[in-house]
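Everything below concerns the one structure shown next.
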Amino acid sequence: MKLARFHVAGGPVRLGRVDGGQITDISEDVGTSLRAILPDLTTLKERISQSRGQTYQLADIVLDAPIDEPQKFLGIGMNYREHAEEARQAGIPIPTSQMWFNKQVSCIVGPHDDVVKPEISDELDYEIELGVVIGRRCKHVSAEDARSVIAGYLVANDVSVRDWLQKRSPTFTLGKSFDTHGPLGPWLTTDDEISDPLALRMTLSVNGEVRQDWPTSDMIYDIYEQIAYLSQVFTLMPGDILATGTPSGIGAPTKNFLRVGDVVRAEIQGLGVLENRIVEEA
């Protein structure tokens, strides 16, 4: 299933089932919070599939970020081999273990929302990533069992303010957490629809120019190892989002940063597309 949060012409946010170019409102059957129903997706699947709420064309609605009020939005740094080398050339040492950082959840926006270029930065960068959404409360999950706690997947763009990453702050958090710097979506694709999340093609373009084009198979630490690693430390909750690393092709090595007016398109095979315009800060 593909499940999305959406609204129509300024109306309230609804929950919908995406079928091709249409979305069916399932709110009357399961409510409007996708995060709340994640632990019960298996038992709710038939009810969701049979829901006969109002149907809209995708072109006539606005898609919101799929997960409402997630507790955590975490990203792993330098988890693709060539990207790790890019980072090293930019002066960031290659880590010898998984390197996680926090993106404040206030940075999250929808799949077609504008991304603001801060006035205080001239180094705005993009990073396409496979987003993994946790489906149930869990701790001490083994890599072998990790897939059982995944609700599904989405496309993420880990927008980054490079001149704030360890330059104006000793951690990554500030440079990763500016408002609007977490586009997610376009919907949640449930785990049962993806035969192998480690065999998906990721492509990001800026104004039609392809900048990143890489398979998820090239991760240094795969998504199951990531879940096992994190769940040793804290409890993962339904709706927690893991941005699982970006491949080579980011703007930093060539100083090819984003400018006002640029349109960034991020696509992952089978999961959909984000398309966000860069706008100046009001």
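Looking at this structure, is Val273 among the β-branched types (Val, Ile, Thr), more than 17 Å from Thr203 (Cβ to Cβ) and modelled with pLDDT of 95 or more? Judged against the criteria, Val273 is not a match.
If we only count strands (runs of 3 or more DSSP E) wholly inside the stretch 1-89, which ones have 2 or more residues that are crowded, with 20+ Cβ neighbours inside 10 Å and touching a residue at least 24 places away in the same chain (Cβ under 8 Å)?
Numbers: elements: 2-7, 14-19, 22-25, 55-57, 62-64, 73-76.
The strands (runs of 3 or more DSSP E) meeting that bar are 2-7, 14-19, 22-25, 62-64, 73-76.
The values are calculated or read from the model by the stated rules, or taken from the named source; none is laboratory data. Keep in mind that what you see is a predicted model, and the values were worked out from it rather than measured. Neighbour counts run over all protein chains shown; Cβ positions are idealised from the backbone, glycine included.
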